[in-house]
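Okay, so here's the structure we're looking at.
The values are calculated or read from the model by the stated rules, or taken from the named source; none is laboratory data. If you're wondering where the values come from, they're calculated on a predicted model, not measured in any experiment. No Cβ is skipped: glycine too gets one built from the backbone with ideal geometry, and neighbour counts run over all protein chains shown. Each accessible area value is taken on the protein alone, full model and side chains, heavy atoms only, with ligands, DNA and RNA left out. Shrake-Rupley method; radii C 1.70, N 1.55, O 1.52, S 1.80 Å.
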Amino acid sequence: MFTRAIVRIPGSNFADGLTTVDLGAPHFDEVLHQHAHYCDALRECGLDLTVFEPDLRHPDSTFVEDAAILTPHAAILTRPGATSREGEVAAIRPILESFYSRILTIDPPGTVDGGDICEAEDHFFIGLSLRTNEEGARQLTSHLNAIGYTASTIDIRAMTTILHLKSGISYIGGNTLVVMKEMSANPQFARFARINVSAAESYAANCVRVNHRVLTAQGFPRLHEELIARGFNPMVLNMSEFQKMDGGLSCLSLRF
Ligand code: CIR
């Protein structure tokens with residue numbers, strides 16, 4: 001069970017952030033509106049939110065998930081792979097220090113984005129991507145092993161349609177992974193029940209289990225039905241403006 005989450009309100013320069021998709025510019029009023037709904041959804045799931053003010057130095061900083069990896073035993077500060085995002089980690093450190101006595105770091109030349117890290121019970125899948133490099137994965141594995149977790153890497157560098165590992169897979173509890181069809185046959189996922197997401201719904205593969213609910217993106221009826229059929233309790237949120245900046249549901253919060 002999670003009890004808390006950290007979020008950051010998007011800044012007025014949100015549209016200046018990084019993106020690889022061609023879906024048009026986000027509408028700022030709608031960005032704020034969708035973010036407020038997202039925060040309400042987390043509260044509805046029982047979480048106590050720490051809400052940061054916008055940080056105009058970092059247009060992507062509303063995607064707080066990329067700056068840290070949180071476990072019950074330690075907080076691991078990442079070292080984001082995009083230079084424009086490096087400063088986000090220092091900005092988040094003080095709040096994590098107030099909640100965690102053990103803070104670990106990823107050091108140069110390692111890079112890790114939180115979006116590449118998928119926790120499935122006591123195992124962590126680490127995506128090797130354009131943001132997370134092998135040295136970052138090595139350091140992270142060593143930290144995770146030291147606090148009692150196993151870890152393995154999944155190389156997504158040849159997959160041009162996703163930015164982060166978690167753009168393509170989510171662990172939603174009940175031994176179940178939601179996974180893009182292209183990745184589903186990976187032998188590392190064999191021990192999990194899998195809900196395959198078709199190419200047409202691939203954005204929906206990024207969903208988030210928060211206590212008794214699974215947050216899912218609006219507009220993907222097949223995944224929605226499948227989740228219900230398997231006994232999950234989805235809560236649907238409009239993510240259109242974040243999708244324009246390569247962001248998904250998991251990126252908008254750090255849950256712990
Ligand atoms: C970026 O390119 O870094 C941001 N525009 C999107 C980050 C999304 N984060 C995530 O999937 N964890």
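Of the residues that make up segment 144-153, is at least one in contact with an Asp or Glu (Cβ under 9 Å, 6 or more places away or on another chain) and part of a helix (DSSP H, G or I)?
There is no residue in segment 144-153 that is in contact with an Asp or Glu (Cβ under 9 Å, 6 or more places away or on another chain) and part of a helix (DSSP H, G or I).
Name the pairs: first residue in segment 80-94 and over 14 Å from T105 (Cα atoms) and within 11 Å of the ligand (Cβ to nearest atom), second residue among the β-branched types (V, I, T) and at pLDDT below 95, Cβ to Cβ under 7 Å, at least 6 apart or on different chains?
No pair meets every condition.
Against the definition (closer than 15 Å to F242 by Cα and either polar (S, T, N, Q) or modelled with pLDDT of 95 or more (or both)), how does P26 come out, yes or no?
It is true that P26 is closer than 15 Å to F242 by Cα and either polar (S, T, N, Q) or modelled with pLDDT of 95 or more (or both).
Of the conditions (1) more than 15 Å from the ligand (Cβ to nearest atom); (2) within 17 Å of G115 (Cβ to Cβ); (3) in contact with a strand residue (DSSP E or B) (Cβ under 6 Å, 6 or more places away or on another chain); (4) not basic (K, R), A74 fails just one. Which one is it?
Condition not satisfied by A74: (2).
Restricting to segment 112-143, name every residue that is within 12 Å of the ligand (Cβ to nearest atom) and either open to solvent by 20 Å² or more (accessible area, probe 1.4 Å) or part of a helix (DSSP H, G or I) (or both).
Scanning segment 112-143 gives G114, G115, D116, L130, R131.
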